[in-house]
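Student: First the structure, which I've put down as structure tokens, then a few questions once you've had a look.
The values are calculated or read from the model by the stated rules, or taken from the named source; none is laboratory data. For clarity, every value in this text was computed on a predicted model and none was experimentally measured. Every residue, glycine as well, gets a Cβ built from its backbone with ideal geometry; the counts of neighbours run over all protein chains shown. Note: areas computed on protein heavy atoms with side chains; ligands, DNA, RNA excluded. Shrake-Rupley method; radii C 1.70, N 1.55, O 1.52, S 1.80 Å.
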Amino acid sequence: MSFSGFVDRHAKWIYPSFAILFIFAMMIFPLGYTVYNSFMDWSLTYSPTPVFTGFSNYVKIFTSDPRFWNSIWVTVYFTALAMVVEVVLGVLIAVLFDAKDFRGRRAVRSIFLMSMMATPVAVAMVWLLMYEPTAGILNYALRSLGLSKSLWITSSSTVVPALVLVDIWEWTPLIALIVIAGLAGLPAEPYESARVDGAGPFQIFFKITLPMIAPVVSVAALLRLIDCVKTFDIIYTMTMGGPGYSSENLNIYTYQTSFQYFNFGYASSLLVIFFTLVLGLSLIIVTLRKKLEV
């Protein structure tokens, strides 16, 4: 039997096998290895040989690690604030750009989307200069308006909102872009009927537009949710989790546990919790999206 004949006879097993091998090598094996290490006491500083300790890492994380709970709070705070503002702004901007009487909307839309083209590290460096307390342009603007200057990312009380502002500036266009695509596919008949019945712009938006684009908005929210929970580059470049631990989210805490303290067993436990958190939030959003489509 020739090689081509063998391939033809077993094509249903051979072709999917490459995809299965890829998924196993890139997803299943790293996840399984991380879960395995999460049950180990493995640190390059005091325990270079992994020692099985069961659930001790998880018990320590949930019962005696205030830094972990602080990172959870920062993650939730950052994600919730960024998501709400980005989704609301993104929808409003998309509706504005979709208006037929908005002249020059193509040029404005192109300029508006340029923030997504910059790398997060470059964006963070630009905003670092703008947030500089003594010579930054933002404090100059506040002083020009007669307002007191802010410490921005150097104060524990303002650092998270300041970081959220950077994320909003960079990623709100993504929400707007997705919603614009959704608006382009809406049928015209419901709008014509509403105008004949005398409905105003707000009634049309809340009774027709918003319900019909809800599934699209939920997809955009899911994408931003996952990105916000995993945010690393902007925060690490601008504050490295400081001042103190006031902007240290779970991703940065896990990174520093791994590559600053070299405590790989404990960091693996944090990663498993992190993965479970992202997976749970994604399933909630997907479930809500299915309900919106019914």
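Student: Please specify each residue of segment 181-221 satisfying the condition of being in contact with a helix residue (DSSP H, G or I) (Cβ under 6 Å, 6 or more places away or on another chain) and among the small types (G, A, S).
Tutor: Matches in segment 181-221: G182, A194, A214, S218, A220, A221.
Student: For segment 132-155, give me each residue that is in a loop (DSSP other than H, G, I, E, B), surrounded by fewer than 14 Cβ atoms within 10 Å (Cβ to Cβ) and not β-branched (V, I, T).
Tutor: A135, L145, G146, L147, S148, S155
Student: I208 is checked against (1) within 30 Å of Y140 (Cα to Cα); (2) touching a Pro at 6+ places or on another chain (Cβ under 7 Å) and fails just one. What number does that condition carry?
Tutor: Answer for I208: the failing condition is (1).
Student: Does segment 163-193 hold any residues that are open to solvent by 60 Å² or more (accessible area, probe 1.4 Å), of a type in the set (A, V, I, L, M) and either part of a loop (DSSP other than H, G, I, E, B) or over 24 Å from A122 (Cα atoms) (or both), and which are they?
Tutor: Matches in segment 163-193: A181, A184.
Student: For segment 101-129, give me each residue that is outside any helix (DSSP H, G or I), open to solvent by 50 Å² or more (accessible area, probe 1.4 Å) and under 30 Å from I153 (Cα atoms).
Tutor: Hit for segment 101-129 is T119, nothing else.
Student: How do the helices (runs of 4 or more DSSP H) wholly within segment 194-294 filter down when requiring 1 or more residues that are open to solvent by 60 Å² or more (accessible area, probe 1.4 Å) and in contact with a Leu (Cβ under 8 Å, 6 or more places away or on another chain): which remain?
Tutor: 210-229, 264-293
Student: Could you please find all residues in segment 212-244 being among the hydroxyl-bearing types (S, T, Y) and farther than 22 Å from L281 by Cβ?
Tutor: Those that are among the hydroxyl-bearing types (S, T, Y) and farther than 22 Å from L281 by Cβ: T237, T239.
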